Amino acid sequence: MNKKTLVCILAVLMGLTVLLPVSSAESIVTEITAQLNNSFTVIWDGEEFVPKDASGNVIAPIVYQDRVYIPLRSFGEQSGAAVSWDPATRVATITSAEVPATEPTIDTTPVVSPTSYSLIKDILPTKSGSELSYGSVDISGKRYDPVLYNSVFLETDATWQLDKRFSKLKLTVSSISSTDKAQGIYVFSDGQALYNSPQIDAGSFLKYETDISDCNQLRIVLLPTTVLIDVQVE
């Protein structure tokens, strides 16, 4: 091999050595052809968003392959994030803005639960029949106290003047006799009949509930051998 041929081969090899890094860089950075398009309008949360550089200069969006690109820093700052660039490592960092913790909403409205009053224990009758008794009774081996009852064969009654509006009347009645049926009760509100119960078997109970939102006065008539176990208004 002569000298001239050897010099040509070395020159080609040296050229390849110089070009290799450039070829490697091309796999990371690619040159493209794009357009700066000033006709685009970007709406962000109902308002126009105008991309700007760090100096505040307006930057037109870039259009490449039918896609719109805007500066990362401008986008990040618009969303409240912090954007930083490290030229040594060539890393762009986006840090989202911290959302302040919000205190839970506490409903301070007081919860009002229905308050029940017993017409036997809490509110005394404003008027009572002469045959009405107040005390205790035994029904099927169980004692109930206090109760209102009628132990004679005449009707008797009790009247309550309600000093405030109540929405509901709930009562329980039974028979004070261990063998005979109780004749039941009548319930009147402001002189109008609300309820007429059937007869009640000995040892059994009858429960009744009705609306009294318009009532100012209650009158309960106990027929013979009937006992009011409980009368609640709420």
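The values are calculated or read from the model by the stated rules, or taken from the named source; none is laboratory data. Computed from a prediction, not measured in an experiment: that's the story for all the values here. Here the Cβ is made from the backbone with ideal geometry for all residues, glycine too, and neighbour counts use every protein chain on show. Please note that ligands, DNA and RNA were not included when accessible areas were found on the heavy atoms of the full protein model with its side chains. Shrake-Rupley method; radii C 1.70, N 1.55, O 1.52, S 1.80 Å.
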Please determine, by comparing only the residues of the stretch 60-71 that are hydrophobic (A, V, I, L, M, F, W, C) and either open to solvent by 60 Å² or more (accessible area, probe 1.4 Å) or touching a residue at least 40 places away in the same chain (Cβ under 8 Å) (or both), which one is nearest to A97 (Cα to Cα).
V68
Check on V173, assigned to a strand (DSSP E or B) and within 20 Å of S140 (Cβ to Cβ)
yes
Checked the stretch 180-191 for anything at pLDDT 90 or above and either over 18 Å from T126 (Cβ atoms) or buried (at least 16 other Cβ atoms within 10 Å of the Cβ) (or both); matches are K181, A182, Q183, G184, I185, Y186, V187, F188, S189
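From N57, N37, grab the single residue that is more than 28 Å from E98 (Cα to Cα), out of contact with any helix residue (DSSP H, G or I) (no Cβ under 8 Å at 6 or more places or on another chain) and modelled with pLDDT of 75 or more.
On the way: N57 fails: more than 28 Å from E98 (Cα to Cα).
Going through N57, N37 in turn, just one is more than 28 Å from E98 (Cα to Cα), out of contact with any helix residue (DSSP H, G or I) (no Cβ under 8 Å at 6 or more places or on another chain) and modelled with pLDDT of 75 or more: N37.
Which one is farthest from G203 (Cα to Cα) among residues in the stretch 129-167 that are among the aromatic types (F, W, Y), part of a strand (DSSP E or B) and under 46 Å from the mean Cα position of the chain (by Cα)? Walk me through it before giving the result.
Within the stretch 129-167, the first condition is being among the aromatic types (F, W, Y), and the residues that meet it are 134, 144, 149, 153, 160, 166.
Those left that are additionally part of a strand (DSSP E or B): 134, 144, 149, 160.
Imposing the further condition that a residue be under 46 Å from the mean Cα position of the chain (by Cα) reduces the set to 144, 160.
Numbers: Y144: 12, W160: 27 Å.
Ranking the qualifying residues of the stretch 129-167, first place goes to W160.
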Counting only residues that are charged (D, E, K, R) and under 26 Å from Q35 (Cα atoms), which one in the stretch 70-88 is farthest from the chain's Cα centre (by Cα)?
R73
Specify the residue that is nearest to T225 (Cα to Cα); the eligible residues are those in the stretch 164-179 that are open to solvent by 10 Å² or more (accessible area, probe 1.4 Å) and of a type in the set (S, T, Y).
S177
Scan (1) modelled with pLDDT of 75 or more; (2) open to solvent by 90 Å² or more (accessible area, probe 1.4 Å); (3) part of a helix (DSSP H, G or I) for the single condition S74 breaks and write down its number.
(2)
Restricting the first residue to the stretch 203-217 and requiring it to be farther than 17 Å from I185 by Cβ, which pairs with a second residue that is charged (D, E, K, R) and at pLDDT below 95 meet a Cβ separation below 7 Å and a spacing of at least six or different chains?
D211/K168; S213/R165; N216/D190
Out of the stretch 77-94, which residues are at pLDDT 80 or above, among the polar types (S, T, N, Q) and not in a strand (DSSP E or B)?
T89
Return only the number of the condition from (1) open to solvent by 60 Å² or more (accessible area, probe 1.4 Å); (2) within 18 Å of S130 (Cα to Cα) that Q161 does not satisfy.
(2)
Of everything in the stretch 184-234, what is within 21 Å of N150 (Cα to Cα) and assigned to a loop (DSSP other than H, G, I, E, B)? Give them in sequence order.
G184, S197, P198, Q199, D201, A202, G203, S204, L223, P224, T225
